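Below is one structure, written out as structure tokens, with a few remarks after it.
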Amino acid sequence: MKTNLLEKNPLHIQAETYLRQLIEKEEYKTGKLLPTEVELAKMLNISRNTLRQAINKLVYEGLLLRKRGHGTQVVRKGIVGGVKNWLSFSQEMKMLGIEVKNFELYIRYSYAPSEITNFFLLEEKASPKCLLMERVRGNSSYPFVYFVSYFNPSIPLSSDENFNRPLYEILEKDYGVVVKTSKEEVYARLAGDLVAQKLEIKASDPILVRKRFVYDDKGQPVEYNIGYYRADSFTYTIEAER
């Protein structure tokens, strides 16, 4: 049955309203593909160009994800980060009501690349090994981020720590290190084989890379962290005020 959108609003706005209602249905939230553009346009009795305007708007807002040769589906509930609400990962997830699960946790001592030794202000020739922690984390259903963290060797963290506790809580309560500042770099790339395996996606899928340079309240470098996020599970927001 065709649905005729005879209302006051322009057709693409009416289509957008319909799509917003559609994607709130539980079946689409859990990953079901939307009907094809041909099917939707026929259902709404509008042109595909008009429909595409509405779909593009929701894609731009991060509500829909379009994959060539695959279809269009609702983006899973995203993780929202930003420069104004800098928190630890555990705090971010707690605010969103997401219970975090560790899918993998590896801890070892390793010599760091020159970029990282420079960040920690270490002499490259005589630099000690840094504690290196790799974690794959997510919700109860699937992993959505792969973290690689190097820690300043001046902080006596060890592999014996209970890393089920929030990291920055360990640093503050056990070592008196109060983290204060995070400088970040964010960019997109393809997952590649290693990250794809960790996040259970395809190597050709997009990911968001988030580098964090963390300092304590005295301005000393604490942590060099790289997070590789599934693009369908992370939204990065920036709020600016004038």
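Structural remarks
- Strands (runs of 3 or more DSSP E) contained entirely in segment 45-144, each with at least 2 residues that are assigned by the TED database to the domain that holds Leu199, open to solvent by 50 Å² or more (accessible area, probe 1.4 Å) and at pLDDT 80 or above: 101-110
- Considered as a group, the residues in segment 150-196 that are at pLDDT below 90, basic (Lys, Arg) and part of a strand (DSSP E or B) include one that is least open to solvent (accessible area, probe 1.4 Å), and that residue is Lys183.
- Set side by side, the residues Thr181, Thr235 differ, and just one is under 14 Å from the mean Cα position of the chain (by Cα) and polar (S, T, N, Q), which is Thr235.
- Selection count, segment 197-206, where residues are open to solvent by 40 Å² or more (accessible area, probe 1.4 Å) and in contact with a Lys or Arg (Cβ under 9 Å, 6 or more places away or on another chain): 2
- Members of segment 13-26 that are open to solvent by 30 Å² or more (accessible area, probe 1.4 Å) and either touching a residue at least 12 places away in the same chain (Cβ under 8 Å) or within 23 Å of the chain's Cα centre (by Cα) (or both): Ile13, Tyr18, Arg20, Glu24, Glu26
- All positions within segment 197-242 that are at pLDDT 90 or above, of a type in the set (Gly, Ala, Ser) and outside any strand (DSSP E or B): Ala203, Ser204
- When Ser158 is tested against (1) within 17 Å of the chain's Cα centre (by Cα); (2) closer than 24 Å to Pro113 by Cα, only condition (1) is not met.
- Single residue of segment 27-38 satisfying the filter (surrounded by 11 or more Cβ atoms within 10 Å (Cβ to Cβ) and assigned to a helix (DSSP H, G or I)) that is modelled with the lowest pLDDT: Lys29
The values are calculated or read from the model by the stated rules, or taken from the named source; none is laboratory data. It should be emphasised that the depicted structure is a prediction, and the values quoted were computed from it without experimental measurement. Neighbour counts are summed over all protein chains in view; Cβ atoms, including those assigned to glycine, are modelled from backbone coordinates with ideal geometry. Heavy atoms of the whole protein, side chains included, go into the accessibility calculation; ligands, DNA and RNA do not. Shrake-Rupley method; radii C 1.70, N 1.55, O 1.52, S 1.80 Å.
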